[in-house]
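Read-outs: derived from the displayed coordinates by stated rules, not from any lab. Note that the structure is predicted; figures quoted are calculated from it, not measured. Here the Cβ positions follow ideal geometry from the backbone for every residue, glycine too, while neighbour counts run over all protein chains shown.
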Amino acid sequence: MEIQEALKWTDDLVFASTGKHLDSLQRSILEGAWQNQPYKSIADDYHCTPDHVRKTAWELWQQLSDILGEEVKKSNIKAKLERIEFSHISNFGSDTQIFGDINICSKISPYPKAEKTPKKRSPTTPTNSDNIQPEKRHDLTDAPEPHNFDNRTNELATLKEWILAENNRLVTITGLSGIGKTTLTRQLVAEIKDNFHRILWRSHRKFPTLNALKTNLIEFFSPPQPQQNLSILDYLRFHRCLIILDDFQETLTTGEFVGTYIPEYKNYGKLIKEIARSPHNSCLLLLSWEKPTEIANLETENCHCHTLQLQSLGESAKELLKAKNLTDENRWLELINLYSGNPLWLNIIASTIQDLFNGKVAQFLSYSHLFLGDLEPILHEHYQRLSESEKLVMQWLANQEIGGDISSKPPKFSSEGDFLAAVQSLRKRNLIKKNVSEEGCVFTLEPVIKKYVKNQSNKSF
Ligand SMILES: Nc1ncnc2c1ncn2[C@@H]1O[C@H](COP(=O)(O)OP(=O)(O)OP(=O)(O)O)[C@@H](O)[C@H]1O
Ligand SMILES: [Mg+2]
């Protein structure tokens, strides 16, 4: 690429984003950077101070970084521009150009033109939206109705911090069925939606393959028509997008340790890694019972990923029992703890208490056996996903009074490695809890799960 071409390209890029052309100093800085000239010598040629050049250059690199969604500086501008292919796309006629990974429509932009008075930039506004206000497109047809519960405020604050303030690219919410992943995310999306140009919510039950999802995403993200040769990542760079993939555990195998993809989904791992590692301002939000192995590994690499493991609703679940008109409020906390503060489990059991005991919690709790009733099929869905060695660990833990100490392997296991791998896998499935005390660390099962596993063991004899 020649310098004149680079100048024109950069000018088009800045103009498409801000409605202004490069000024003469900015052009001199670009030319100087292209020829590896120090700022001082650019300043001498331009008859101004090196500080003025440095400041203008810094602003220009910032502007280009924002537009491209990757860091641009004097030392890399030439390499970045040289990487860029300058071509026309027939779909949009000669006014639309592809600049490397970014699609810029210079005259017939599908987006409204730049506002006259630029908005004050907040850390959470999309990088390329200071002057252009792209049309927002939010597709939440697969999402449930929002509820606006006034609990989970800490979780909401954490997620907002990760997604808006820290610009994390991959956020995973894990937790057992019914703990409230979908509900929390729906509320989060309602609160942060204005920060994203594109929001797409998909449940995994609807996407048989990665290709089906990719086609759907590209159709959705593209300006009027999908364009050839642009990847999902290209769109994630150009727009600030939020993609929510719910029920992500559906992509993972059952009957073996957690985290392996079902063959037709195996490319998901690659996409997830690309999204986490490449620079952009979009976010992929995964909701899952289990954590895919890639995500655990990406977190150790410290690359803009976070996982929120959703826990008990705690005392705030009392609101839910109140709504079900239960009585004996002094026993509610006991009921909440027995059912792990899981809102779905509590809703189901509250309906049972209403039906069988006319809402009297004390009468229900006077039964010495923990009642599962309609929870059994839900727990079964989790249990049938386990490998044989995980089931063995679950059965061993179900028979421990105060929890299982893993400092030595239980006799039922032939290999220590297999035992530890099974424990680790169960942790990633959120099925076992770690209790740390002065005496040491033990692993336990939630009462409902313990009861379910014991029932299973009794059935198999
Ligand atoms: N914070 C909450 N306060 C009160 N009720 C809640 C809350 N979160 C979820 N619920 C209720 O619990 C039920 C289960 O919630 P949700 O569907 O969000 O769980 P989930 O974790 O997505 O489950 P799954 O993994 O099976 O999809 C819903 O009926 C919802 O109304
Ligand atoms: Mg859900």
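Observations on the model:
- Cα gyration tensor shape for the stretch 395-461, rounded if a/c is under 1.5, else prolate or oblate: oblate
- Straight Cα distances below 17 angstrom link residue 181 to the lysines 160, 291, 428, with same-chain residues fewer than 8 positions distant left out.
- Calculated FRET efficiency, residue 166 to residue 436, Cβ-Cβ distance, R0 = 35 Å: about 0.80 to the nearest 0.05.
- Only one residue of 249, 338, 321 has its Cα farthest out toward the positive end of the dipole of the chain, where Lys and Arg carry +1 and Asp and Glu -1 on Cβ, and that residue is 321.
- Expected 222 nm ellipticity per residue - DSSP helices of 4 or more, -39500 (n - 2.57), all of the chain, to 500: -12500 deg cm²/dmol
- Cα gyration tensor shape of the stretch 137-309, rounded if a/c is under 1.5, else prolate or oblate by comparing a/b with b/c: rounded
- The gain in end-to-end length when the residue 362 to residue 315 segment is fully stretched comes to 15.2 nm, 0.36 nm per residue minus the alpha carbon separation.
- A simple packing score, the average count of other Cβ atoms within 10 Å per residue, orders the peptides 308-320, 368-380 as 308-320, 368-380, with the highest score first.
- Prolate/oblate/rounded label for the stretch 314-371 (Cα gyration tensor, a/c 1.5): rounded
- With eigenvalues of the C-alpha gyration tensor scaled by 5 and rooted, the chain, Å: 53, 24, 20
- Summed residue charge, Cβ within 14 Å of residue 24's Cβ, Lys/Arg positive, Asp/Glu negative: -2
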